[in-house]
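All remarks here apply to the structure that follows.
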Amino acid sequence: MDQTLPTTSSKSDRRSKSKTPQASKPSLVMAFFSCLAWLYVAGRLWQDAETRTLLASLLKQNSAQRPKTLTVEDKLTVLGCKDLERRIVEAEMELTLAKSQGYLKSQFKFKQSGSAPGKKLLAVIGVYTSFGSRLRRNIFRVSWMPKGDALSKLEERGIIIRFVIGRSANRGDSLDRNIDEENRVTKDFLILDGHEEAQEELPKKAKIFFSTAVQMWDAEFYVKVDDNIDLDLEGLIELLQSRRGQESAYMGCMKSGEVVAEEGRPWYEPEWWKFGDQKSYFRHAAGSLFILTKNLAKYIYINSASLKTYAHDDTSVGSWMMGLQATYIDDSRLCCVNARQDKVCSLA
């Protein structure tokens, strides 16, 4: 009994010792693969860290050569738009100088006669006329408007007066030829070659008249007068002399009034809907006679291509003045329907 028990016990120990290595193999394999995985992950992390370090080094070395983010100013510079307004003004001044020296033709064609180049004038008075108004022009020449030598003497006083007219729709026809012949005799026309003379084109005529006059003559005032006005010339000259040195003056018989929306009625305005629900015009000088100082006339010349015209010349000019720092001067002497004795005009 005592000898078999140790023998049995030793066999059991041997079986347990032989099973232990077999049971631990899967654990060893798992541990091995775990080590491989850890080494792989560690290697990738180290590689990523090295890559980031290398990129940071390269970015630091090339930071001076990196293209910077373009600002709006940079883009304008690249596009050539930097200081665009200054360049436009400089170009306009150069063009004006070139035109005055005869190197370029003006965009507004005109014929000049009897002007006093280089002399500072008081006023340029443009009397609107038409092809069928020769009789009325002759009446003016023997009433308030000087002619011949008297016209030249008036220019020596700094006053230019011209009948303002455009060209016929059929260029070079008898209407144009008659005006040219009359001008050769009287030399008192401002002929707007770039303008077609027609009633519906009067707003454009105002634009071209002021643009042309401000190029031809250096004056303090530019006056538009209808050809049904019997003008008190000396009274007008006195009024203008009292306003000498005043900038941005828009003078006339100021009014407002209803915007006519019904087609066929007198003074119909096709764009009536732009004037609001009450359909009332803004404040403007009546079209029979109004006056602009040089800087306002020059504004029309510079911006003529973009200025909007309405159905009538007085409202068109009034709309151009609204956006400016113009001084509105309402003078009853310029109300040509006024019966006062001290007025400078009356309806002929």
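The values are calculated or read from the model by the stated rules, or taken from the named source; none is laboratory data. The structure displayed is predicted, hence computed values, not measured ones. Surface accessibility is based on the protein's heavy atoms, side chains included, excluding ligands, DNA and RNA. Shrake-Rupley method; radii C 1.70, N 1.55, O 1.52, S 1.80 Å.
Taking amide H as placed 1.01 Å from N in the peptide plane, Asp227 has its amide H under 5 Å from the amide H of Tyr128, each at least 5 places away in sequence or on another chain. The accessible-area ordering, largest first, of the residues Trp272, Trp38 stands as Trp38, Trp272, per a 1.4 angstrom probe.
Measuring between alpha carbons in the structure, the pairs from Lys205/Lys255; Lys204/Lys298; Lys274/Lys298; Lys224/Lys279 lying more than 18 angstrom apart are Lys205/Lys255; Lys274/Lys298; Lys224/Lys279.
Per-atom-type breakdown for region 206-251 gives carbon and sulfur 34% of the accessible area (1.4 Å probe, protein chains only). For region 266-318 versus region 140-219, the spacing of their alpha-carbon centroids is 22 Å. Just want to confirm a number: the relative contact order over region 254-321, from Cα pairs under 8 angstrom separated by 6+ residues, in percent. Dividing the mean separation by the residue count of region 254-321 yields 33 percent. Counting heavy atoms of the protein chains alone, Asp149 has an accessible area of about 120 Å² for a 1.4 Å probe. Amide H to amide H, with H built 1.01 Å from N, Leu121 comes under 5 Å of Asp218, Ala219, Glu220, counting only residues 5 or more places away or on other chains.
Once backbone amide H atoms are built at 1.01 Å from N, Phe290 has Lys224 as its partners under 5 Å, excluding neighbours fewer than 5 places away on the same chain.
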